[in-house]
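*Asks:* Quick one: structure below, then a few questions.
Any read-out appearing in this document is the output of simple, stated calculations on the displayed coordinates, not a laboratory observation. It should be emphasised that the depicted structure is a prediction, and the values quoted were computed from it without experimental measurement. Glycine also receives a Cβ, built like all others from the backbone with ideal geometry; neighbour counts cover every protein chain displayed.
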Amino acid sequence: MERVYNFSAGPAVIDESVLQKAASELFCYPGKGMSVLEMSHRTGMFMDIYNSAIALFREVMGVPDTHELLFLHGGATMQFAGVPLNLLTGSRVADYLDTGNFAHLAAEEAKKYGTVNTIASSRADNYTYIPSLAGLLFTPEADYVHITTNNTIYGTRFVALPDTGSVPLVADASSNILSEPMDVSRFGVIYAGAQKNIGPAGVAVLIVRRDLLGKASPQCPKVLDWALQSKNESMLNTPNTFAIYMVKLVCEWMKEAGGVPAFYERNLAKAKLLYDAIDASKLFTNPVQPQYRSLMNVTFVTGDEAKDDAFCKFCQKNGVANIKGHRNVGGMRASIYNAMPMAGVQKLVDLMAQFEKEAL
Ligand SMILES: *Cc1c(COP(=O)(O)O)cnc(C)c1O
């Protein structure tokens, strides 16, 4: 069977060359006599893979020495608890910006461990924009400020970072990490589930400024204690060895293709092609404020549920999969992560034009 263009929000498309490399090495890892699936995480052969994955990710993302990099279990959602358990231990107050469903869930989880101030929210407007950062009332003694850099379900993104002064900025970057340049030094913590831009599900990346390690609450489970995980090279218990290996392959592929700057250029071009098509269309509209449009998750609707359904089916029949929007928004969502080629976006745009001609 031929492969389709997969616009899934996550787990998401992985580049074909990466999948082929993984397939070719799966049965017997070169020179090791066994599959990566069979390697003990405590052995030199796996540690070589782990150390390469760490070094490559640091290089591709531009993670400075001031920051530790860990590969953890439990996805981004586990870090909704991990963040307060590790950081909400000083004043026990944190500020959250409520810009989407995941941002909301992160704040709700943190409330179990301290005081959460939601200092800005676009929830009442179905998260169609990022609230203005000018004049935000930060809590001066807060342990941290939490943002979600790209809102996967609604298709919005932060185009500038809030200035939080000396209060650490913590970011869930699950759906835009590695898709655009990020100045890691501006963040106390960045975390992301891997299954959008970094690799397969089952591993999460955590980047934490080293001086923020060692503040965990006594109730913090060991596997969530970043300082302990740092001492144990992400291997307090058995890590997701295969997913870490895949992260290594994705980073190798990215590095060879020019790294984040090259992908950013391509991502801008892909997003422009799709948003321009939506803006020129008489059938499809994009429901978010244009200045906050995401480069990774493009939402669009016809305003008629039956037509939305018909378009999704039309795409499915023509080799374009997983275009249906999240149930909170309806309509369509095209996730165009790093591994989605321009040809996939062009195909979607062509199908939109064809459908529009037949529908109107
Ligand atoms: C997908 C996603 C999550 C959830 O990730 P899991 O790894 O499934 O926990 C959280 N935040 C954002 C922004 C996401 O896109």
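*Asks:* Note the full-extension length gain between A23 and K112 as 0.36 nm times their separation in residues minus their Cα-Cα distance, in nm to one decimal.
*Replies:* Value of the extension gain: 27.7 nm.
*Asks:* A follow-up question, please. I want the local charge near K324. Using Cβ-Cβ distances under 10 Å, sum +1 for each Lys or Arg and -1 for each Asp or Glu among the other residues.
*Replies:* Spelling it out: positives minus negatives among the neighbours equals +1.
*Asks:* May I pose another question? For the charge dipole of region 259-359, defined by +1 on Lys and Arg C-beta atoms and -1 on Asp and Glu C-beta atoms about the Cα centroid, which residue among V298, A359, F284 has the Cα displaced farthest towards the positive pole?
*Replies:* V298
*Asks:* Another question, then. Compute the signed sum of charges (Lys and Arg +1, Asp and Glu -1) over the other residues within less than 13 Å, Cβ to Cβ, of L228.
*Replies:* Net local charge, L228 excluded: 0.
*Asks:* Give the calculated FRET efficiency between R210 and N51 to the nearest 0.05, with a Förster radius of 22 Å applied to their Cβ-Cβ distance.
*Replies:* That pair, R210 with N51, gives E of 0.75.
*Asks:* Another question about this same structure. Can you tell me the length gained on complete extension of the stretch K313 to F138, counting 0.36 nm per residue apart and subtracting the Cα distance?
*Replies:* Gain on extension, K313 to F138, equals 58.4 nm.
*Asks:* Picking from V170, P131, S185, whose Cα lies most toward the positive end of the charge dipole for region 130-190 (charges on Cβ: Lys, Arg +1; Asp, Glu -1)?
*Replies:* Positive-end residue among those listed: P131.
*Asks:* Expected output is a single nm value to one decimal: the length gained when fully extending between R327 and K231, i.e. 0.36 nm times separation in residues minus the C-alpha distance. What is it?
*Replies:* The span from R327 to K231 would gain 30.4 nm if fully extended.
*Asks:* Just to check I understand the Karplus step: with θ = phi - 60° and J = 6.51 cos²θ - 1.76 cosθ + 1.60, what whole-Hz values come out for region 294-302, glycine and proline as x?
*Replies:* In residue order, the calculated couplings are 6, 8, 9, 10, 9, 9, 7, 9, 9 Hz.
*Asks:* Share of antiparallel DSSP beta bridges in region 16-256, in percent to the nearest 5?
*Replies:* Taking every DSSP beta bridge within region 16-256, about 45 percent pair in antiparallel fashion.
*Asks:* Right, another one. Relative contact order of the chain, please, whole-number percent, based on alpha carbon pairs below 8 angstrom and at least 6 residues apart.
*Replies:* 23 percent
*Asks:* K32 to T77: FRET efficiency via 1/(1 + (r/R0)^6), r the Cβ-Cβ distance, R0 30 Å, to the nearest 0.05?
*Replies:* Given R0 = 30 Å and the Cβ-Cβ separation, E is 0.35.
*Asks:* Note down the net charge around N286, summing +1 for each Lys or Arg and -1 for each Asp or Glu among other residues with Cβ under 14 Å from its Cβ.
*Replies:* It works out to a net charge of +2.
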